[in-house]
Amino acid sequence: MLAHAAKHDEAVEKILSQMTLEEKVGQMAQVTVDIMKDRNTWKLSDSLMRKGIVDYKIGSLLNTWNNSAPELIEWYETLKTVQSYTQQTRLKIPLVFGIDAIHGANYINKTTLFPQQIGQAATFNRALVRRAGEITAYETRAASLPWTFSPVLDLGIDVRWPRLWETFGEDPYLASALGVEITKGYQGNDPQNIGKFNVMACAKHFLGYSAPVSGKDRTPAIISDNVLREYHLPSFQAAVEAGIGSVMVNSGLINGIPVHASHYYLTDLLKNELNFKGVIVTDWMDIENLYKRDRFAVSSKDAVRLAINAGIDMAMIPYNYDFCDHLIELVNEGAVPMSRIDDAVRRILKMKFELNLFERPYENPANYPLFGSQEFRKAAYETAVESMTLLKNENNILPLASNKKILVTGPNANSMRSLNGGWSYSWLGDKTEQYAGEYNTILEAVRKNAGEKNVIYSPGVAWIEKGKYWEEKEISIKAAVRAARKADYILLCVGENSYTEKPGDTHDLALSDLQIALAKALQATGKPVILVLNQGRPRIINRIDEKSKAILMSYLPGNFGGDAIADVIFGKQNPSGKLPYTYPKYPHSHVNYWHKYSEEQTRAEGMYNYESDYSPLYEFGHGLSYTTFEYSNLKLSKTKIIENETLEVSVDVRNTGKRDGKEAVLLYLSDLYASLAPDMKRLKGFEKIELKAGETKTVKFKITKTGMSFVNIDSKTIVEPGNFEIKIGNLKAGFELTPNP
């Protein structure tokens, strides 16, 4: 690894010493491939290619064209052509192409689409997440695309936020652990020498992006430095330590300062304190937004000055070359030092060497025979199955017998778009139906399991596909009610249509009025209703959850989600997912599981009723199985340890049911008293295990000083002596931490 780094450094310095200012600035520019293509034919334009690559010497391209998912061969031909234009430049530096491959190579037709990150988090299975990264990397690189803008390492702490489903959930430890796994899956074992079956990863969006006060995308956040470091920083720090090659910046503001213009966040914290050696890239048009949207810069040129001096290495422009003209002027005027330019270009060139683009600027698809293979599809299906989270199963109504009459209804029952969510074949996922016809919707998968004669379909409510993501229409609720009279069970598939980013903002977390009306009408028939939730964020269902006999959360499970849902419903698969966030019961009462003690206090003595009702519908980590698990024999290696010692924890888990199953064993740690009010509990370990009926396994964990630390009011990470408590399942055990002698 060190040999690779030294070799790259030498090659980088040799090229850098030959470069003109214009060539350096060009390397820092990233434009969308759309501006290289004729908008009428979507074919590459010679004149537009020459302008960007030969004249402006740009270093990077991104995105798909015409918001679509081209065939593998089209990608190959495009990349081969654009790289040929770099050979017409003086130094022949290859382009690096970036793409949002976030749950598979989702901008390539016939690719393998996995559950979105929130569903992957629900598996609590490190191996599955790493495998998803490996397969995504393989299929992305097969299209000659060496760089993915993934993973999202923001915390999914606000259920209003439209990008919640792109995260690994609300817990810093979970996001850190799975972020490392998917990063290694993308990049391989040597981040200094990324092979032809791997891609460079990009941690996004640094930092605090997911905590806007309004809950709406790209709106301001107010976050103290110690809170930022305690909750939002760990996942990014873990990825940096794992060797992640690039980082994308938070599009919003923190405490009134746009992160794209913050020297503290980008240089002092990320580059200096965390020692990040890779490339910092902006999000879409966000340097220009410093001027046009945020009114923080006084001009477009001033915005470039602020962003580059703050630490930005590459600008996602994406539609024009004003950035290049402005930056050249700023350097010549002395407003941006050449040392800052050299630092950025040095990082970009190193990225290209780590990806071996100088030797292989594009790849031959023929060398990727597993693209779209059954092996890869099986992995996506298995991940979808393990993401299925059974929230409720009254009187063990599930699994269903396949010979019963079933009404399948609801707007999500016969939609591939809603199963996949955004970033699926198109940005908003609105073109999914054009590409995913070979896969099974929930309805189609239920028919495969139960047989055509046993399945009745009456949607009741449907999405308006050409409208906004929330727009829907009534087909006929009365017709669905009539159909229910002929059924033994009702499978009601509700939730959201696909969206992402700003278009996914919501003013109301409640499930829509039409869907609630459909649910209530069906529940009034007296037939048992099984609720299937297919959504990117938890919609409030408190008006219908009580009378639903079972509730299955499927998140956004991808192309094999219909199969996974049906196979769980009919018992071919045993559900084992657990919620990676807290599911709120009320629209205005959402509290993360790691809340303070004051959020959950019993009634005080005396005449004043000071109490706090923590009342989620379902807690973080909740998830049922078709079997039962018993926890016993919780053991700690010591009941009193000193600060630098490692505490070993073990617990026995027994499958006490009649069928095999998988269980995510979660370890929580509580700091009982601290100089900064502690959280009630924090996840500090998890393991996914598989147990045969009657089998017992011992699960072991280790807790170190890092696990017992917290960030104090002075933004220092400290460990304080005192009493702690371990919680696993229904078991608890305490220990005392004493100072080092």
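The values are calculated or read from the model by the stated rules, or taken from the named source; none is laboratory data. Everything quoted here is computed from the prediction, not taken from an experiment. With ideal geometry, Cβ positions are generated from the backbone for all residues, glycine too; neighbour counts draw on all protein chains shown.
Annotations
- Residue check, residue 82 touching a helix residue (DSSP H, G or I) at 6+ places or on another chain (Cβ under 6 Å), buried (at least 20 other Cβ atoms within 10 Å of the Cβ) and closer than 24 Å to residue 279 by Cα: no
- The range 284-294, residues that are buried (at least 17 other Cβ atoms within 10 Å of the Cβ), of a type in the set (D, E, K, R) and either touching a helix residue (DSSP H, G or I) at 6+ places or on another chain (Cβ under 8 Å) or without any contact (Cβ under 8 Å) to a residue 40 or more places away in the chain (or both): 286, 288
- Flag if residue 486 is modelled with pLDDT of 95 or more, farther than 30 Å from residue 424 by Cβ and assigned to a loop (DSSP other than H, G, I, E, B): yes
- Between 732, 697, the distinction of being basic (Lys, Arg), surrounded by 13 or more Cβ atoms within 10 Å (Cβ to Cβ) and assigned to a strand (DSSP E or B) belongs to 697 only.
- Residue 26 vs. criteria closer than 18 Å to residue 284 by Cα, in a helix (DSSP H, G or I), touching a residue at least 40 places away in the same chain (Cβ under 8 Å) and out of contact with any strand residue (DSSP E or B) (no Cβ under 7 Å at 6 or more places or on another chain): yes
- Taking (1) surrounded by fewer than 15 Cβ atoms within 10 Å (Cβ to Cβ); (2) free of Cβ contacts under 8 Å to residues at least 40 places away in the same chain; (3) more than 21 Å from residue 391 (Cα to Cα) in turn, residue 612 satisfies each apart from (1).
- Residue check, residue 192 in the same structural domain as residue 293 (by TED's automatic domain parsing), under 26 Å from residue 282 (Cβ atoms), at pLDDT below 95 and of a type outside the set (A, V, I, L, M, F, W, C): yes
- Residue pairs meeting the criteria (Cβ under 6 Å; at least 6 apart or on separate chains; first touching a residue at least 40 places away in the same chain (Cβ under 8 Å) and closer than 15 Å to residue 412 by Cβ, in the range 548-576; second in a loop (DSSP other than H, G, I, E, B) and among the aromatic types (Phe, Trp, Tyr)): 558/114; 559/439
- Which numbered condition residue 108 misses (of (1) part of a loop (DSSP other than H, G, I, E, B); (2) in contact with a strand residue (DSSP E or B) (Cβ under 6 Å, 6 or more places away or on another chain); (3) free of Cβ contacts under 8 Å to residues at least 40 places away in the same chain; (4) buried (at least 22 other Cβ atoms within 10 Å of the Cβ)): (2)
- Yes/no for residue 673 being outside any strand (DSSP E or B), not assigned by TED's automatic domain parsing to the domain that holds residue 719 and not aliphatic (A, V, I, L, M): no
Quick grid of which residues meet (1) within 24 Å of residue 705 (Cβ to Cβ); (2) without any contact (Cβ under 8 Å) to a residue 24 or more places away in the chain; (3) in contact with a Ser or Thr (Cβ under 8 Å, 6 or more places away or on another chain); (4) crowded, with 16+ Cβ neighbours inside 10 Å:
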{"residue": "587", "(1), (2), (3), (4)": "no, no, no, no"}
{"residue": "593", "(1), (2), (3), (4)": "yes, no, yes, yes"}
{"residue": "626", "(1), (2), (3), (4)": "no, no, no, yes"}
{"residue": "631", "(1), (2), (3), (4)": "no, no, no, yes"}
{"residue": "655", "(1), (2), (3), (4)": "no, no, yes, yes"}
{"residue": "661", "(1), (2), (3), (4)": "no, no, yes, yes"}
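- Looking at 335, 366, 297, just one residue is hydrophobic (A, V, I, L, M, F, W, C), surrounded by fewer than 22 Cβ atoms within 10 Å (Cβ to Cβ) and in a loop (DSSP other than H, G, I, E, B), and that residue is 335.
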